[in-house]
Amino acid sequence: MQAFPHSTTATPTAVVVPPSLALPVIESAFPRRLHPYWPRLQEKTRHWLLEKRLMPADKVHEYADGLCYTDLMAGYYTGAPDEVLQAIADYSAWFFVWDDRHDRHVVHQRAGEWRRLRYRLHAALDAPRHHLHHPDPLVAGFADSVLRLYGFLPRTWNQRFARHFHAVIEAYDREFRNRTEGYVPGVEEYLALRRHTFAHWIWTDLLEPSAGCELPDAVRKNPAYRRAALLSQEFAAWYNDLCSLPKEIAGDEVHNLGISLITHEGLTLEEAVDEVRRRVEECIEEFIVAEREAIRLADEIDDGTVSGKELSAAVRACVGNMRDWFSSVYWFHHESGRYMVDNWDDRSTPPYVTNEAAGEK
């Protein structure tokens with residue numbers, strides 16, 4: 001019995017999960033939740049993509065809703081204030097557009113364009129207000145979304161977010177070089193890099209404005225909290241790899257846990273799929289244990305004072321959203337047009353992107 005058997009798109013249809021990708025424990029034990037602001041969120045993010053010229057108008061009209069970017073965020077930060085969720089959803093949509101630009105730069109060997117974009121994003125992250133009118137829509141859109149995110153919590157949170165995203169940009173640069181050089185990283189090297197290219201700590205950071213509270217180091221670095229956060233993100237990254245493996249092998253990709261296992265551990269394709277799936281299922285099992293420990297931490301924080309009660313509630317909200325991430329990621333991979341490669345006219349080029357070096361003169 002599916003926990004949320006119908007799509008959140010404008011024309012609901014039953015969601016069919018291929019048996020090879022089905023995770024019964026997610027469908028039964030991780031009920032899907034969706035922020036009540038979602039319909040308005042979808043509409044406003046669509047308008048934001050148009051306003052910031054991040055996708056051509058025809059692509060936005062035809063594909064934006066079906067890509068389900070807002071569904072993913074509305075199913076994750078389920079208790080966030082509307083304004084916070086809107087900023088996160090716009091930033092997330094930007095992230096996917098950036099990922100597509102990066103992919104096109106790799107495919108067309110545009111090293112110079114990628115290098116310039118990398119430097120500009122670093123600069124915009126440190127001084128977003130100065131980049132709001134940058135001629136490259138991707139840089140200007142990034143500055144706009146980051147500036148909004150910087151408005152919710154103190155400067156210390158902003159600095160942490162910036163530090164984490166600088167690392168993401170550099171990880172994307174490492175991936176650019178790996179892919180253009182045909183280098184397949186070893187398993188442990190890939191797993192370490194994937195934590196940055198999937199932006200594990202960015203999505204974890206964003207739990208805090210959603211809960212309305214910057215968590216102190218004593219909470220964020222507590223092994224119980226940190227392990228639950230890491231497992232929720234590892235699940236998402238590895239399930240993405242599991243779903244993407246066939247098309248990435250077909251496209252001579254080098255960045256996928258399954259491909260690293262095949263190349264460096266000598267596994268067959270079937271064995272690699274089984275191993276990635278085993279790791280995904282192990283993540284779920286270990287999260288359930290870590291979640292209990294994190295909730296116990298929240299109980300200990302509630303010491304009867306007002307501040308203790310508020311911090312305890314914020315930790316509970318963050319841990320609850322970590323749980324929500326499992327179902328949101330799972331259903332996203334079976335609803336979003338981003339993964340329906342068999343329906344594309346050209347399997348090497350997603351229909352929602354353009355091949356031009358957008359923003360380059």
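Among residues other than Gly308 with Cβ under 12 Å from its Cβ, the summed charge is -4 (Lys and Arg +1, Asp and Glu -1). If only the Cβ of Lys and Arg carry +1 and only the Cβ of Asp and Glu carry -1, the dipole of the chain around its Cα centre is close to 1060 debye. Each of Asp173 and Glu285 was given a label point 7 Å from its Cα along the Cα-to-Cβ line. The distance between the two points is 4.0 nm. What the Kirkwood sum gives for the chain is a hydrodynamic radius of 21.0 Å, with every pair of different alpha carbons counted. Residues whose amide H comes within less than 5 Å of that of Leu267, counting only those at least five positions distant or on another chain, are Ile262 (H built at 1.01 Å from N in the peptide plane). The count of lysine pairs in the chain that are at least 8 places apart or cross chains, and whose C-alpha atoms lie under 29 Å apart, stands at 6. Alpha-carbon geometry of region 1-151: the Rg and the Dmax are 17.3, 51 Å, given in that order.
Secondary-structure-derived ellipticity at 222 nm for the chain, considering helices only, amounts to -22500 deg cm²/dmol, per-run term -39500 (n - 2.57) for DSSP H runs with n ≥ 4. If you take the alpha carbon atoms of region 282-325 and fit the smallest convex hull around them, that volume is 41 Å³ per residue. Calculated over region 106-197, the projected area of the Cα convex hull averaged across directions stands at 6.6 nm². Averaging the sequence gap over all C-alpha pairs within less than 8 Å and six or more residues apart, then dividing by the number of residues, gives the chain a relative contact order of 23 percent. Computed over region 151-251, the convex hull of the alpha-carbon atoms projects to a mean area of 7.5 nm².
For region 1-155, relative contact order (Cα pairs under 8 Å, six or more residues apart, normalised by length) works out to 20 percent. Positive-end ranking of Pro246, Ala294, Tyr352 along the dipole of region 226-361, with charges on Cβ about the Cα centre, is headed by Ala294. Along its three principal directions, the equivalent ellipsoid of region 235-361 from the Cα gyration tensor extends over semi-axes of 38, 22, 12 Å, largest first.
Rolling a 1.4 Å probe across all protein chains gives Arg116 an accessible area of roughly 100 Å². Per residue, the chain exposes 43 Å² of accessible surface when a 1.4 Å probe is rolled over the protein heavy atoms with every protein chain present.
Each residue, Asp274 and Ala111, gets one label point 7 Å from its Cα in the Cβ direction; the gap between the two is 4.1 nm.
The slack between Asp82 and Asp58, meaning 0.36 nm per residue of separation minus the straight C-alpha distance, is 5.9 nm. Largest first, the extents of the alpha carbon coordinates of region 211-262 on the three principal axes equal 45, 22, 13 Å.
The values are calculated or read from the model by the stated rules, or taken from the named source; none is laboratory data. Owing to the predicted nature of the structure, the values given are computational and were not obtained by experimental measurement. Reconstructed Cβ throughout: ideal geometry from the backbone, glycine too, with neighbour counts over all protein chains shown. Just the protein is used for accessible areas: all its heavy atoms, side chains included, with ligands, DNA and RNA removed. Shrake-Rupley method; radii C 1.70, N 1.55, O 1.52, S 1.80 Å.
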